[in-house]
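Accompanying notes for the structure given below.
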Amino acid sequence: MSVILDEKLELIYQDVLHRNAGETEFHQAVHEVLETLGPVMVKYPEYAERKIIQRICEPERQIIFRVPWQDDKGEIQINRAFRVEFNSALGPYKGGMRFHPSVYLGIIKFLGFEQIFKNALTGMPIGGGKGGSDFDPKGRSDDEIMRFCQSLMTELFRHIGEYTDVPAGDIGVGAREIGYLFGQYKRITNRYESGVFTGKGINWGGSCARTEATGYGTVFFVQEMLKARNDSLDGKTCVVSGSGNVAIYAIDKAMQLGAKVIACSDSNGVILDEQGIDLNLVKRLKEVERRRLSAYTEERSHAKYLPGGNIWQIPCDVALPCATQNELNGKDAKSLVENGCIAVAEGANMPTTPEGIAIFQQAGIAYGPGKAANAGGVATSALEMQQNASRDFWTFEHTEARLQEIMVNIHRNCFETAEEFGAPGNYVVGANIAGFLRVARAMDAMGVI
Ligand code: NDP
C-alpha cells in the first residue's frame, strides 16, 4: 500500500489483516479509508477510545450459503452465495448483489465496507451491506438464470426485509435477475413487500431513473468537479470503461452534457469510435441481444475493435472507469495524465489501484472516488424505498432532479470536508471523512453495539 499509516491506525490495520486473511480487496478498501482518518482521530479522540473504527471494520453479520440448482441439461450445479450485513447504524443494510465467477468473501466485504461510507454520504437513512455469488450468468439461458435466482432466494429470504436488509443489482444482476429474485421472495413470504428490493421494474414498484442513476450520478459528479475549476464537460473527449448498466448511462449523460465519448469496453476488448460511440447500438447489443461488444463493428465499420486492448491508453480529457475493481493501475494512470486527462470519476467500485490514485493526486487532476462519484445509484434506490413506503410514484424528471441535487450535495460535502481537514481538492479525504463522521456519530449515540 502506498501511504504509511500512523501508529494507532496501523495497529487497527494489522488486526484487520489478521482477522481477514487472504481477503486482499477488503484489505485494500480498509487501508484506503484508514489513510485518511489520521486527522479525525486527532480532532475526535473519543472515537478512537470507543473503538469506533475497529467496530466499523467488523461486519455485524456475514452469511454464506450453498445454492444448488439444475441447468438446462438436468445437471446439478452448486454455487456459493454471500450476504455481508456490514453496518446498520444509519438504516437497514443496503447494497447490491453481484453475480460473477470472481466473487468470494473478500470481494463482498470490500464492497460492503465501501457501501457504509457511500450510503452515509447520500444523507439518506441507509446502512451498508453487499451480497453476491460466484455464479457466472454468461451464456446461461433465461430459465437457468431463473432457477438459480429462485434457489438463492430460498435461503436469502430469511435474512432480508424492508426494515432489515434491502438488496439491489450490481455486476451480473440487472432487471431480469431482480424480477426473479423478488418474485421468489414474494412467493415464499406471501407478502408484496416492495421495499425489500430496489431496482424493480417501473410497473411493479420500481423507480423512474434507477436504471440510469449510477451512470448519470457519476457524470453529475464530474460536472461539479469541473465547475469547481471553472470548467465544464462541453466539448470534452471522454472514455468510459465497461458497457454494462453504469457505463451505458454514464455515456448517455456525458453526451447530453456536450461531451464526445469515443471509447467503451467489455472484459474482452475495447471499441474505439472516433466519430462518437453509437449508444443506441451499444444498448441494443448489451441490453437486448446480450452480445459481446465486438459485434459493434458489424454495423459501424469505421470503428476499431481492439481485442484485449487497454482503454486507458486512449487520449482523453475525462476518464470514467465503470467496469470493475482494480481495472486502472499506476501505469494506466500515468498514461492518462501524460495524455492530458483532467478528470477521472469512478462509476465502478474501487477501480483505481492505490498507485493509480497517488498518480492522479500528485498530478493535481480532479479525481472523484467511487464512494462519492457513484453514490447516485444507491441514493436513487433510497428514493425508490421512499416511494414504496408512501405508495407513491414520481416522474422521471422529478426523480432525476432529486438525483442531481443529491450529487451536488455529495460533491459540496466532500469538497468542504477536504478543506476543513487540510486537504483542499482531495475528494478521497473529503468522502472518507464525511462518510465516517456520519456513521461514527450514529454508532456513538447508540452505545456499545
Ligand atoms: P454490469 O454487469 O451491468 O456491467 C459490468 C461491465 O463491466 C461489463 O461491461 C463487463 O464486461 C465489465 N466487467 C465486469 N467484470 C469485469 C472484469 N473482471 N474485467 C473487465 N471487465 C469487467 O455491472 P454494473 O454496470 O452494474 O457495474 C459496474 C461497476 O459499477 C461495478 O464495479 C459495480 O460495483 C459498480 N456500481 C454499480 C452500481 C449499479 O447501480 N449497478 C452502483 C454503484 C456501483 P463483460 O460483460 O465482458 O463481463
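Just so you know, all these numbers are worked out from the coordinates, no wet-lab data involved. Computed from a predicted structure; not experimentally measured. Cβ: placed from backbone, ideal geometry, glycine included. Neighbour counts: every protein chain shown.
Descriptive notes on the structure:
- Peptide packing: for 311-318, 322-329, the average count of neighbouring Cβ atoms within 10 Å per residue gives the ranking 322-329, 311-318, highest mean first.
- For residue 9, net neighbour charge (Lys/Arg +1, Asp/Glu -1) across residues whose Cβ lies under 15 Å away: -3
- Residue-averaged 222 nm ellipticity for the chain, from DSSP H runs of 4+ at -39500 (n - 2.57), nearest 500: -14500 deg cm²/dmol
- Cα gyration tensor, the chain - rounded (a/c under 1.5), prolate or oblate: rounded
- The alpha carbon gyration tensor of segment 61-192 gives principal lengths a ≥ b ≥ c with a/c of 1.5 or higher and a/b greater than b/c, which makes the shape prolate.
- Summary value for the chain: 15 percent relative contact order, contacts being C-alpha pairs under 8 angstrom separated by 6+ residues.
- Farthest toward the positive end of the dipole of the chain, out of 101, 336, 33, is the Cα of 101, where the dipole comes from beta carbon charges about the Cα centre.
- The simple Förster model, with R0 at 41 Å and r as the Cβ-Cβ distance, assigns residue 61 and residue 268 a FRET efficiency of 0.65.
- Charge-dipole axis of the chain as Lys and Arg at +1 and Asp and Glu at -1 on Cβ define it, positive-most pick from 135, 151, 259: 151
- Among 405, 289, 85: highest mean-square fluctuation, GNM of the chain, C-alpha pairs under 10 Å: 289
- Peptides 94-103, 364-373, 296-305, 255-264 ranked from most to least packed give 364-373, 94-103, 255-264, 296-305, packing being the mean of other C-beta atoms within 10 angstrom over each peptide's residues.
- Centre separation in Å (Cα based) which lies between segment 220-254 and segment 291-305: 23
- The orientation-averaged shadow of the Cα convex hull for segment 211-373, equal to a quarter of the hull surface, comes to 8.3 nm².
- Averaging the Cα positions of each part gives two centres, and for segment 350-397 and segment 112-185 these lie 18 Å apart.
- Values of log10 I(q)/I(0), in the order q = 0.14, 0.28, 0.31 Å⁻¹, for segment 7-57 under a Debye, Cα-only, solvent-free model: -0.33, -1.16, -1.33
- Cβ-based net charge around residue 383, under 9 Å, with every Lys or Arg adding one and every Asp or Glu removing one: +1
- The GNM of the chain, with springs linking C-alpha atoms under 10 angstrom apart, assigns the highest mean-square fluctuation among 60, 25, 46 to 46.
- Using the Cβ-Cβ distance between residue 393 and residue 355 with R0 set to 45 Å, the FRET efficiency from 1/(1 + (r/R0)^6) comes to roughly 0.45.
- Think of each Lys and Arg Cβ as +1 and each Asp and Glu Cβ as -1; about the Cα centre, that makes the dipole of the chain roughly 820 debye.
- Placing +1 on the Cβ of every Lys and Arg and -1 on the Cβ of every Asp and Glu, with nothing else charged, gives segment 274-348 a dipole about its Cα centre of roughly 260 debye.
- √(5λ) per eigenvalue of the Cα gyration tensor, segment 117-171, largest first, Å: 27, 15, 8
- Charge sum, other residues only, whose C-beta stays under 12 Å from residue 119's C-beta, Lys/Arg counted +1 and Asp/Glu -1: +4
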